[in-house]
Amino acid sequence: MTSTPSVERTHAPARQPQERRSRLPKKARVDPVTIMTFFLVVLFVMPARYVVGPLGGAGSPSSMVAVLLLVWYLMSTLSPRWTPIRGRQPVRSVIVFFVLAVLASYVAANTRPLSGDELNAADLGLVLVAGWAGIALVTADGITSMDRLEVLRQRIVMGASFPALVAMVQFFTGIEVTQYLALPGLVEKGSAVLFEREGFFRPAGTATHPIELGVVLAAILPLALHGALFCHVPEQRRKRWIMVALIAAALPMSVSRSAILGLFVVMLVLLPTWPSEWRLRAVLIFGASSILMRLLIPGLIGTVLNLVSVIGSDENSTTRTGDYDAVVAAVSQRPLFGQGFATYLPRMYRVIDNQYLMSSLETGLVGLLALIVFLLAGWVLARRARRAATDYETRHLAQCFAASSAVAIFGFGTFDAFSFPMITNVMFLILGCCGALWRLQTQPRAHA
């Protein structure tokens with residue numbers, strides 16, 4: 001009778017420390033989605049044209065946070081307990097190839113005489129690439145479940161809604177409100193004056209240029225649509241459709257043909273996979289929205305459609321195609337590794353509004369291949385995840401990520417995307433999400 005309680009008292013203290021030790025890793029582990037949420041706030045809320053002065057373009061707050069993501073990722077791999085690496089992940093190979101191509105171009109750049117500006121640009125370009133790698137790797141390897149991926153998708157859409165809202169204010173008022181959002185101590189890189197085209201203000205939101213804003217919104221629109229179509233909480237449905245409306249309405253306000261082409265790409269990728277009822281509703285809503293925008297903002301739709309219809313014959317298009325001869329001549333001198341990443345400075349050479357051409361110049365044919373692999377990897381991984389998924393909602397999410405990747409594939413041919421921090425960070429983030437989705441669908445036990 002008296003021995004039983006004594007045995008219980010003897011064994012109870014021994015179990016409690018063991019239980020605390022077993023629970024410790026779960027409590028102490030830092031959630032990558034939470035860290036990425038902080039990055040999204042910095043990326044979308046803080047105006048991209050404000051930088052740390054001595055660092056120039058690499059000194060934007062989002063780029064600096066991205067570099068810290070890479071540091072955190074690499075340090076985590078040193079410990080078996082904390083390492084995010086679980087199973088296969090093609091994104092790692094894509095990032096390694098991309099980084100090696102840039103490093104090879106950096107070495108090639110130092111084999112020729114460099115001006116001080118080119119040398120600084122090459123050094124800072126390595127900082128940018130480190131940040132891009134950190135974004136993709138943390139996202140691809142750090143997301144542990146479909147629930148956490150869904151949370152990150154929601155926060156990406158919420159983040160993009162902010163520059164869309166700012167852009168609408170800029171469009172209707174002509175006031176550059178982002179000057180009130182900069183942190184003290186940052187230096188403005190570029191002009192705060194709004195662009196204009198055909199009598200309309202061209203807002204950039206918190207991005208650096210209207211083209212960048214338009215392509216970013218086009219890339220994130222599919223993710224917003226997914227959240228609204230598959231909202232399981234009735235109280236949140238209205239809020240999600242409001243975010244869709246904000247992003248979709250601000251997109252043509254950029255008065256950018258790149259944005260409109262991106263919208264067409266989204267429709268081309270998504271509509272064939274939708275049920276016929278959804279397609280009919282989408283066509284009706286699109287038509288009604290176009291009519292409403294014609295009434296509320298006379299001339300905007302006509303201006304945007306005219307920009308698309310004259311592609312190939314207007315001065316802007318002929319100027320861009322006129323770059324081909326100069327690019328071919330320059331690439332032929334340094335065909336493999338180019339003249340050095342980030343060293344083709346517009347003020348020293350010329351403006352190249354095509355990232356494929358720019359990569360050929362700066363990183364050579366090897367770098368061009370790395371760019372193509374980077375852009376196609378998101379599409380391929382998303383499509384493979386779609387085939388592996390067993391439910392329609394996940395298949396739709398995968399198709400939406402594929403649509404986002406397709407926007408970049410076409411959009412990077414219309415402007416030098418790597419010169420713009422927001423779109424580049426977003427696309428490496430999308431690549432990481434595609435890698436995470438692929439891993440969660442094809443290797444469900446690898447992250448357990």
Query - Ser254, sole failed condition from (1) more than 23 Å from Phe171 (Cα to Cα); (2) polar (S, T, N, Q); (3) open to solvent by less than 30 Å² (accessible area, probe 1.4 Å) - result: (1)
Report summary line: Residue pairs qualifying under the 6 Å Cβ cut-off, at least six apart or on distinct chains, with the first in the range 245-273 being without any contact (Cβ under 8 Å) to a residue 40 or more places away in the chain and the second being basic (Lys, Arg), are Leu271/Arg279
Report task. Run Ala377 past the list (1) surrounded by fewer than 23 Cβ atoms within 10 Å (Cβ to Cβ); (2) within 20 Å of the chain's Cα centre (by Cα) and report the number of the one that doesn't hold. Result -> (1)
**Report entry** Whichever residue in the range 144-153 is out of contact with any helix residue (DSSP H, G or I) (no Cβ under 6 Å at 6 or more places or on another chain) and either part of a helix (DSSP H, G or I) or crowded, with 18+ Cβ neighbours inside 10 Å (or both) and, among such residues, is modelled with the lowest pLDDT
**Finding:** Thr144
Query raised in the report: Which of the residues that make up the range 75-91 are open to solvent by 50 Å² or more (accessible area, probe 1.4 Å) and touching a residue at least 60 places away in the same chain (Cβ under 8 Å)?
Result: Arg86, Arg88
Query raised in the report: Only one of (1) surrounded by fewer than 19 Cβ atoms within 10 Å (Cβ to Cβ); (2) more than 20 Å from the chain's Cα centre (by Cα); (3) in a helix (DSSP H, G or I); (4) aromatic (Phe, Trp, Tyr) fails for Phe97. Which number is that?
Result: (2)
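Go through the range 161-189 and give me each residue that's in a loop (DSSP other than H, G, I, E, B) and surrounded by fewer than 14 Cβ atoms within 10 Å (Cβ to Cβ).
Hits for the range 161-189 are Gly174, Ile175, Leu181, Leu183, Pro184, Gly185.
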**Report entry** Odd one out for Phe38 among (1) surrounded by 14 or more Cβ atoms within 10 Å (Cβ to Cβ); (2) within 16 Å of the chain's Cα centre (by Cα); (3) farther than 23 Å from Met358 by Cα
**Finding:** (1)
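Yes or no, residue by residue, for (1) among the polar types (S, T, N, Q); (2) farther than 23 Å from Ile95 by Cβ; (3) surrounded by fewer than 20 Cβ atoms within 10 Å (Cβ to Cβ); (4) at pLDDT below 95:
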site: Gly322; (1), (2), (3), (4): no, yes, yes, yes
site: Val328; (1), (2), (3), (4): no, yes, yes, yes
site: Thr343; (1), (2), (3), (4): yes, no, no, yes
site: Pro346; (1), (2), (3), (4): no, yes, yes, yes
site: Leu361; (1), (2), (3), (4): no, no, no, yes
site: Ala408; (1), (2), (3), (4): no, no, no, no
Query raised in the report: With respect to Ala388, is the statement that it is open to solvent by less than 20 Å² (accessible area, probe 1.4 Å) and either of a type outside the set (D, E, K, R) or more than 18 Å from Leu225 (Cβ to Cβ) (or both) true?
Result: no
Report summary line: Restricted to the range 190-200 and to residues being among the charged types (D, E, K, R) and open to solvent by 90 Å² or more (accessible area, probe 1.4 Å), the residue nearest to Thr303 (Cα to Cα) is Glu198
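Where in the range 198-301 are the helices (runs of 4 or more DSSP H), entirely inside, with at least 2 residues that are under 17 Å from the mean Cα position of the chain (by Cα) and under 18 Å from Ser161 (Cα atoms)?
Correct list: 210-229, 234-253, 257-270.
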Query raised in the report: Does at least one position in the range 127-140 carry a residue that is open to solvent by 30 Å² or more (accessible area, probe 1.4 Å) and either at pLDDT below 95 or not in a loop (DSSP other than H, G, I, E, B) (or both)?
Result: yes
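The values are calculated or read from the model by the stated rules, or taken from the named source; none is laboratory data. If you're wondering where the values come from, they're calculated on a predicted model, not measured in any experiment. Please note: Cβ atoms are built from the backbone with ideal geometry, for glycine as well, and neighbour counts cover all protein chains shown. Just the protein is used for accessible areas: all its heavy atoms, side chains included, with ligands, DNA and RNA removed. Shrake-Rupley method; radii C 1.70, N 1.55, O 1.52, S 1.80 Å.
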